[in-house]
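The values are calculated or read from the model by the stated rules, or taken from the named source; none is laboratory data. All figures in this text were calculated on a predicted structure; none of them were measured in a lab. Using ideal geometry, Cβ is built from the backbone for each residue, glycine included, and neighbour counts are taken over all protein chains shown. These accessible areas exclude ligands, DNA and RNA; they are computed on the full protein's heavy atoms, side chains included. Shrake-Rupley method; radii C 1.70, N 1.55, O 1.52, S 1.80 Å.
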Amino acid sequence: LLLAVCAVGIGGTFQYGYNVSIINAPTQHIHKFLNETWSSRYQKELNPDLLTFLWSVIASIFSLGGLCGALIGGSMAIRLGRKGALLMNNLIAILASILMGISFPTGLFELLIAGRFLIGINSGVGLCVQPLYIGEFAPKHLRGGLAMGTSIFLTGGILTGQIIGLRELLGGEKHWPLLLSSCCIPALAQLLFLPWFPESPRYLLIDRGDELSCAKALKRFHGSSEYRREMEDIQRECFALDGEKPKKPWQLFTDRGVRWQLITVIVMSMGQQLSGINAIYFYATYVFEQAGILAEKIPYVTLGTGVCECLTALSCVRSNYVGRRCLIIGGYLLMALWCTVLTFSLTYQELYSWMPYLSMACVFAFILSFGLGPGGITNTLTAELFVQSSRPAAYMIAGTVSWISFFTVGMLFPFIVNGLKQYCFVVFLLECFFVAAFIFLIIPETKNKSFLEIKKEFHKLNFGRNA
């Protein structure tokens, strides 16, 4: 099971974290490349406004690709299987790697844009299919812990990208094309290791009707002495679905039986992106400067934020035994607390010499709180709130909402910061508190429950108390 999670994660959410993080290091080198390419092509200087626009396109096209990936990820998982979709997804990453790698020697910045779009598609599919696959092959009592692999590989990708992007490694002027094209390495690793593992047992039995292959897969994942209980659980779900075909995303919006599950997933997906985690990363450089850290040393201190996220995700594998509900509510409430403290510390930054260090502590505490709750549990809950026929469509909707929110924050965040300054954290404070209250009032505990048991928990909400 552990090896399967590693084989799935290296080409899944690891790619997302890695490609979000590596684009920051070569910013100045890409600006220079755009200027030189434009001058050689048109024999005139590149307008500063156009330079800003081209850089914005290169940076933000990733999220547009991610949105496209989320829209096709569920369909790929249904047609090709969970494992087949992930294997096919690696071909997109390899093509993206080639395009970004040859953009500099060919002098075609358009290839860089195309490559970033394709690696965005790869990340969107991975974010959709990886938690779906893990949630379906994990035994009930280990589902929460194994599903944290999604968060561990995502944060591990961010940290790896921060390390590889240091100027002593591939972040220098000569090596930045290699840095951007290095996304082929995780893809090749998954193509090498994932074929050794079986397809999702639930997919094999419920979607394909292949009971023999399902039993073989369960024996591989759970052991020959433990697989029967899980087999019976899958058979009960198959019987309850009574041959129901996988649903399309738009069908979930008209299905009263999943109304509150769908609302929950939308609120959590938006909440994760709008929680203020991007604001914290934006303010981290300013906070570190105010604490007296030299500008050239800040990239190394920023590695600490990546380490924080990674350690929290790892610790959540163990703390997940307290229950999903407790972790995610606690995470959001702690984030609201640190938003409050950080607002005060930034406001009175100049009055007391120790205030910058309080701000610095808040940055790390906020990131730890995010990893404890929203960063790790959101994808786990999405898998648990739906039965087999609705799960791929639910992940498509969750991914679409998440990527749209990510893109919206990227577009509006600079204006929010310019308008509200440090008081922008008041907005995030209220958002974190609202999501925590929603989860407290609506979501039941899902730990150690089958998918059918969780569906029954929501039955009263969807059909009324007298149902």
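When every residue of the range 417-425 is checked against the conditions, none turns out to be within 24 Å of Arg143 (Cβ to Cβ) and crowded, with 23+ Cβ neighbours inside 10 Å. Residues of the range 6-55 that are at pLDDT below 85, touching a Lys or Arg at 6+ places or on another chain (Cβ under 9 Å) and open to solvent by less than 30 Å² (accessible area, probe 1.4 Å): Ile23 alone.
Of all residues in the range 103-118, which are part of a helix (DSSP H, G or I), touching a residue at least 24 places away in the same chain (Cβ under 8 Å) and not polar (S, T, N, Q)? Break it down stepwise before answering.
From the range 103-118, those part of a helix (DSSP H, G or I) are 103-106, 109-118; that's our starting set.
Filter once more, keeping what is touching a residue at least 24 places away in the same chain (Cβ under 8 Å): 103-105, 109, 112-113, 115-118.
Phe104, Pro105, Phe109, Leu112, Ile113, Gly115, Arg116, Phe117, Leu118 - these are the residues of the range 103-118 that are part of a helix (DSSP H, G or I), touching a residue at least 24 places away in the same chain (Cβ under 8 Å) and not polar (S, T, N, Q).
Of the residues in the range 190-229, how many are small (Gly, Ala, Ser) and either assigned to a helix (DSSP H, G or I) or touching a Cys at 6+ places or on another chain (Cβ under 7 Å) (or both)? Count: 3.
Can you confirm whether the range 119-136 contains a residue that is among the hydrophobic types (A, V, I, L, M, F, W, C), farther than 30 Å from Met231 by Cβ and either outside any helix (DSSP H, G or I) or open to solvent by less than 10 Å² (accessible area, probe 1.4 Å) (or both)? Yes: one or more hits.
Listed by first and then second residue, the pairs linking a residue in the range 67-91 that is outside the structural domain of Ile404 (by the TED database) and β-branched (Val, Ile, Thr) to a residue that is open to solvent by 10 Å² or more (accessible area, probe 1.4 Å) and part of a helix (DSSP H, G or I), with Cβ atoms under 8 Å apart and 6 or more places separating them unless they lie on different chains, are Ile72/Ile121; Ile78/Asp207. Against the list (1) open to solvent by 10 Å² or more (accessible area, probe 1.4 Å); (2) in contact (Cβ under 8 Å) with a residue 12 or more places away in the chain; (3) closer than 18 Å to Gly171 by Cα, the condition Leu3 fails is (3).
Close contacts from the range 295-307, counting a first residue that is outside the structural domain of Gly156 (by the TED database) and a second that is open to solvent by 20 Å² or more (accessible area, probe 1.4 Å) and at pLDDT below 75, with Cβ to Cβ under 8 Å and a gap of 6+ residues or different chains, come to Ala295/Glu289; Ile298/Thr285; Ile298/Glu289; Val301/Ile293; Thr302/Thr285; Thr305/Tyr281.
Tally up the residues in the range 435-458 that are open to solvent by 50 Å² or more (accessible area, probe 1.4 Å) and without any contact (Cβ under 8 Å) to a residue 24 or more places away in the chain, please. Looking only at that region, the number is 4. Please go through (1) open to solvent by 30 Å² or more (accessible area, probe 1.4 Å); (2) out of contact with any Asp or Glu (no Cβ under 9 Å at 6 or more places or on another chain); (3) within 18 Å of Arg324 (Cα to Cα) for Ile404 and return the number of the only condition it doesn't satisfy. Condition (3) is where Ile404 drops out. Residues of the range 271-294 that are touching a helix residue (DSSP H, G or I) at 6+ places or on another chain (Cβ under 9 Å), at pLDDT 70 or above and part of a loop (DSSP other than H, G, I, E, B): Leu274, Ser275, Gly276, Ile293.
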